[in-house]
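For reference, the structure is listed below as structure tokens.
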Amino acid sequence: MFHKNTVRTTNAHSKEKEIMKGWAPYYDWLVKLMLGGKEAKIRKMTVDLAGVKPGDKVLEIGCGTGSLTIAAKKQAGVQGEVCGIDPLPEMLNVARRKAERAGLEITFESGSLQEIPFPDHQFDVVMISFMIFHVPSADIQRRGFAEIARVLKPGGQLLILDRSTEEQAGRSWIEKLFLNFSQPDMRTLLPMLQDAGFVDATVEQTQYKFLTTLRARIKPT
Ligand SMILES: C[S@@+](CC[C@H](N)C(=O)[O-])C[C@H]1O[C@@H](n2cnc3c(N)ncnc32)[C@H](O)[C@@H]1O
């Protein structure tokens, strides 16, 4: 959630990975501070906007400490199958502990946007939250969207959530205090999604001014 700017070099990305690794034990506290106590509502809203239904098979890419993955499992229920992937073992360890404490069966695996460790046409829903602008290049985003198109079922839904670029006023006090960042507009991703075979793509501001979603689906057969 504390990512900076547009497309970075691989070097900068490795540095960021190192930083993220160190943040794993504190990440949930930082999110709580940044979202000013609205986190549970925002996680539920994200899962609702992704269209997660009981019994769905759901994947979160870049799941970090698993808070959204856990919210998705609560919505998908016992019949649902929910997985989270992340390249950082430190994040996955926190996520696994949280799911265990909550008594929820969730698969957390090592993986990345550009290499999703699942077979074709598995998921009803794929979610990406506060992650898409962490990847070091548009090329990797492009590869990632092709991967998502591969693992989604026909008619499957992709939801991307990230900070709004336009609404400065919606920023929390901690964002204003510590983070003077900007990021590309979600709309820059639309042509890549179209190339990967997604249809019905829409970018919308959520009920929280500082958050925007991009939703798109794979054509039903
Ligand atoms: C800011 S955290 C977001 C965590 C979580 N999705 C949330 O909503 O709180 C970004 C996460 O993306 C992961 N990440 C970075 N590059 C990635 C990539 N190429 N593929 C998948 N995950 C990646 C990081 O390890 C980190 O856990």
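The values are calculated or read from the model by the stated rules, or taken from the named source; none is laboratory data. Small disclaimer: the values here were computed from a predicted structure and weren't measured. Because the Cβ atoms are built from the backbone with ideal geometry, glycine has one as well, and the counts that use them run over all protein chains shown. Surface areas here come from the heavy atoms of the whole protein model, side chains and all, with no ligands, DNA or RNA. Shrake-Rupley method; radii C 1.70, N 1.55, O 1.52, S 1.80 Å.
Within region 31-60, the set of residues being open to solvent by less than 30 Å² (accessible area, probe 1.4 Å), under 17 Å from ARG163 (Cα atoms) and not small (Gly, Ala, Ser) comprises VAL31, MET34, LEU35, GLU39, ILE42, ARG43, MET45, THR46, VAL47. Close contacts from region 137-159, counting a first residue that is over 14 Å from PRO191 (Cα atoms) and touching a residue at least 60 places away in the same chain (Cβ under 8 Å) and a second that is within 12 Å of the ligand (Cβ to nearest atom) and open to solvent by 30 Å² or more (accessible area, probe 1.4 Å), with Cβ to Cβ under 8 Å and a gap of 6+ residues or different chains, come to SER137/ARG8; SER137/THR10. Within the set of pairs 6+ apart or on separate chains, which have a first residue in region 115-134 that is at positive phi, a second that is within 9 Å of the ligand (Cβ to nearest atom) and among the β-branched types (Val, Ile, Thr), and C-beta atoms under 9 Å apart? Cβ pairs passing all conditions: PHE130/VAL31.
Test PRO220 against the criterion of being at pLDDT below 95 and farther than 22 Å from MET34 by Cβ, and give yes or no. Yes: the conditions hold for PRO220. What is the residue count in region 205-221 for residues that are crowded, with 16+ Cβ neighbours inside 10 Å and assigned to a strand (DSSP E or B)? Selection size over region 205-221: 8.
Matching residues to (1) touching a His at 6+ places or on another chain (Cβ under 8 Å); (2) under 21 Å from LYS53 (Cα atoms); (3) not in a loop (DSSP other than H, G, I, E, B):
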position	(1), (2), (3)
PRO119	no, no, no
VAL125	no, yes, yes
ILE128	no, yes, yes
PHE133	yes, no, yes
ILE140	no, no, yes
ALA146	no, no, yes
ALA149	no, yes, yes
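Please verify whether region 102-112 includes one or more residues that are within 10 Å of the ligand (Cβ to nearest atom) and assigned to a loop (DSSP other than H, G, I, E, B). Looking for residues that are within 10 Å of the ligand (Cβ to nearest atom) and assigned to a loop (DSSP other than H, G, I, E, B), one finds at least one in region 102-112, hence yes.
Screening region 1-89 for helices (runs of 4 or more DSSP H) wholly inside it with 2 or more residues that are modelled with pLDDT under 95 returns the ranges 10-23, 27-34.
Taken over region 120-133, the criterion of being buried (at least 21 other Cβ atoms within 10 Å of the Cβ) and within 12 Å of the chain's Cα centre (by Cα) is satisfied by VAL125, VAL126, MET127, ILE128, SER129, MET131, ILE132, PHE133.
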